[in-house]
Amino acid sequence: MMNSLKISLAGLCASALYLTLASSPLNLGMTQTALAAPPAYKPPTVGSPSRRVGGGTRTKGTPPMITLLAPPTTAYTLQTQPVIYWAISESKYPIDIQLMEANPDSIEAMQPLLEKQISIDNAGIQKLDLKAMEVTLKPNVEYELFISAIMDPDNRGQDVISSAILKSVPKTGKVASCLQQADKQTVTYENLATCGIWYDAIAELSTQIHTQKDNTKLKAARRALMMQVKLPEVAELDK
């Protein structure tokens, strides 16, 4: 009788332990993924004021949302011909693109490096490849990029405009040290974001999203970065 009771108690304890482990989040691989920390963008300490402008217009009614995927202050790229991303909520408007030095010191420097009008087929996240546009940035020079939705070609004062500041920096000094600390053979978008290389981080992440369309973690990471730089409207559009 005593042996039977011991066996029964042991069985009950084993069953309870199994149920506890089976229902515990720590026993499920998916919980570890779900709780994984999103990439963290650490902006460079450059002391620059907020320069990003997003979606400003005097148009009556509800204008489209248009914004560069950029932080409020100057952001870095390691490329002299970077890929830059922007977003728009509607596709029916012509788009005007202008790129120029943010702090020109001569009449020549005041001339835009890029002036172009394009059309887009779909709303959402868009790509601007400066290499395809044959535009090269000078190292350590701040540039301002303007993306405008042309509401009325006869009244450009009605344009919906977004702008942001970018700067091509060499992979030296603090930037090189930060990337080396990652101790990885391949630099990831997480490393780039942590080291303050915003535009390259977004480009790398967006490339992965394009090639791995079913990977929801990648889109979630991009949305997390948008929220960090106060672009909730892009995070909403990117779902």
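Under 1.5 on a/c is rounded, so check that first for segment 88-188, then, if it is not, pick prolate when a/b is larger than b/c and oblate when it is not; a ≥ b ≥ c are the square roots of the alpha carbon gyration tensor eigenvalues.
Note, shape of segment 88-188 comes out oblate.
So, in nm, how far is label Ala123 from label Thr45 when the simple model puts each one 7 Å beyond its Cα toward the Cβ?
That separation, rounded to one decimal, is 4.2 nm.
Between Thr80 and Ile150, what is 0.36 nm times their sequence separation minus the Cα-Cα distance? Round to one decimal in nm.
Roughly 22.4 nm would be gained on extension.
Restricting attention to segment 79-149, which trypsin sites (Lys or Arg not before Pro) occupy a DSSP loop and are surrounded by at most 10 other Cβ atoms within 10 Å? Each step should come with its number before you reach the end.
On the way: sites: Lys92, Lys116, Lys127, Lys131; in loops: Lys92, Lys131.
Filter output for segment 79-149: Lys92.
Using a basic spin-label model with each label point 7 Å from the Cα along Cα→Cβ, how many nm lie between Ile107 and Ala176?
The answer from the label model is 4.0 nm.
Report the equivalent ellipsoid semi-axes for segment 159-235 in whole Å, largest first, defined as the square roots of five times the eigenvalues of the gyration tensor built from alpha carbon atoms. Walk me through the numbers before you get to the answer.
Values: eigenvalues 105, 68, 22 Å².
Taking √(5λ) for each Cα gyration eigenvalue gives 23, 18, 11 Å.
Could you calculate the contour length gain from Leu114 to Thr188, that is, 0.36 nm times the residue separation minus the distance between their Cα atoms, to one decimal place in nm?
23.7 nm
Bear in mind that the values in this text are calculations on the coordinates, not laboratory data. Just so you know, these numbers come straight off a predicted model, no measurement behind them. So basically every Cβ, Gly included, is an ideal-geometry build from the backbone, and we count neighbours across all protein chains shown.
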